[in-house]
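Visitor: Below are the structure tokens for one structure; questions will follow.
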Amino acid sequence: MADNDFFTELTGTDKRTNIPSTISSPVWSGGATTLTAFYTGSVQSGSSGDYYYDVFNKVGTDTTREVQFAIAYGHFDGSGSLSTSDGNNPSKAVYRQFRNICIRNANSDSKFEFPEDNANVFKDVYVINVNRARYRERIDPGNWELHLGTAPGSGEGQIHLIDDSGATADSSVNASQRIFNVVSGSISTGAAVTPSGEAASDFASSAHGSYGLFYPELGLIVLNATRLDRAVDASPAPGLALATVESTGTNDDNSLKLFTQVSNGIYFQARREEQIKSSHFFCRVESSKYNWSQNPTYFTGTNAELTNTTFIQDPKAYITTVGLYNDNNELLAVAKLSQPLLKSRDREAVIKVRLDF
């Protein structure tokens, strides 16, 4: 748009567009970084209740509550769930669905391995699936922590789970679907801390494996049921004594067992990571421009005389807003300054407007 009394054209040197940057923000509703209370729906549809539990951030009577994540139990052979007339089982469907999503080049015999280089395979898993609207592009690796079990001092056990992204030599490999191990540890101090002997690599050749696998781009934490079933004082590789039941043709409601442990842990911290693109516009205000105002308080009387007569020789105005227009004089974006900016013939300014999208 060409310069005139009302507009100033932005030239090529005044614009920088499509600048990528990565931001991290809280995952949970309302900008919450940590969930400390967990609720299931009193009634979940018959089509989904046998497969998973939706977990909400507020009680069922609160109309503003939202689903934060879901918990499911999967078994390769369908154990721990009812059988249907066609021979299918909810737990089998869950296991194979997540297997097909998570395991590259999966075939009909593919099973989860904990950790990835483990020679052992595992027939049952628990899956925590973060709601898509919550994590957007991905969960931020190294920036989540989940507590399972009752708090220490209760006579029971509690484990703190994180991922091992900080210990991975090259986490950018397969960036479209990265995989990290779920290990015992804490990020409460600002950096991931894994107790000695608790890293996933310590159990690479064992029969019980690590706690699970974390897929940041998929918003999935796949937990190893075999490891969680171990006693809380087992050495090495303590578990949660979860007591997963693998009956044939019976709904053992294993998903509820994990939900109970999540609820007892009263702590699920997570942040999301997403890439945004920004455009920067440098709005240059020259000394001779924008020294007058159309604000009604600028004038007085029926002849629209200046309220402050000194403005006749030395006009002044305050810039509070910058509008970006297209060539058809259509307003596309508005930027507000944090405080009014004094403008006169003795003052020039460059106002940087940033648009994120």
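Read-outs: derived from the displayed coordinates by stated rules, not from any lab. Quick caveat, the model's predicted, so the values are computed rather than measured. FYI the Cβ positions are ideal-geometry reconstructions off the backbone, even for glycines, and counts take in every protein chain you see.
Visitor: From the backbone phi of segment 55-66, what are the Karplus-calculated ³J(HN,Hα) couplings (6.51 cos²θ - 1.76 cosθ + 1.60, θ = phi - 60°) in whole Hz, Gly and Pro given as x?
Guide: Working through the residues one at a time gives 10, 9, 8, 9, 5, x, 7, 8, 6, 9, 5, 9 Hz.
Visitor: Also: Order these peptides, 17-25, 254-262, by their mean beta-carbon neighbour count within 10 angstrom, highest first.
Guide: In descending order of packing, they fall as 254-262, 17-25.
Visitor: Still on this structure, please answer the following. Applying 1/(1 + (r/R0)^6) with R0 = 30 Å to the Cβ-Cβ distance of residue 345 and residue 325, what FRET efficiency is obtained, to the nearest 0.05?
Guide: 0.75
Visitor: What list do you get for 92, 289 if you sort them by fewest beta carbons within 10 Å?
Guide: Ascending number of Cβ neighbours within 10 Å: 289, 92.
Visitor: Between their Cα atoms, which of 58/352; 15/316; 277/316; 58/277; 58/257; 15/289 are more than 31 Å away from each other?
Guide: Over 31 Å apart, Cα to Cα: 58/352; 277/316; 58/277.
Visitor: How much length would be gained if the chain were fully extended between residue 83 and residue 6, taking 0.36 nm per residue of separation minus their Cα-Cα distance, in nm to one decimal?
Guide: Working it through step by step, the gained length comes to 20.4 nm.
Visitor: What distance in nm separates the simple spin-label points at residue 355 and residue 58, each placed 7 Å from Cα in the Cβ direction?
Guide: The two pseudo-label positions are separated by 3.4 nm.
Visitor: On to the next question. Treat the count of other C-beta atoms within 10 Å as a stand-in for reagent exposure and order 292, 28 from fewest to most.
Guide: Lowest count first: 292, 28.
Visitor: Could I ask something else about it? Compare the peptides 241-251, 318-328 by average per-residue count of other Cβ atoms within 10 angstrom and give them in order, highest first.
Guide: Packing order, densest peptide first, comes out as 241-251, 318-328.
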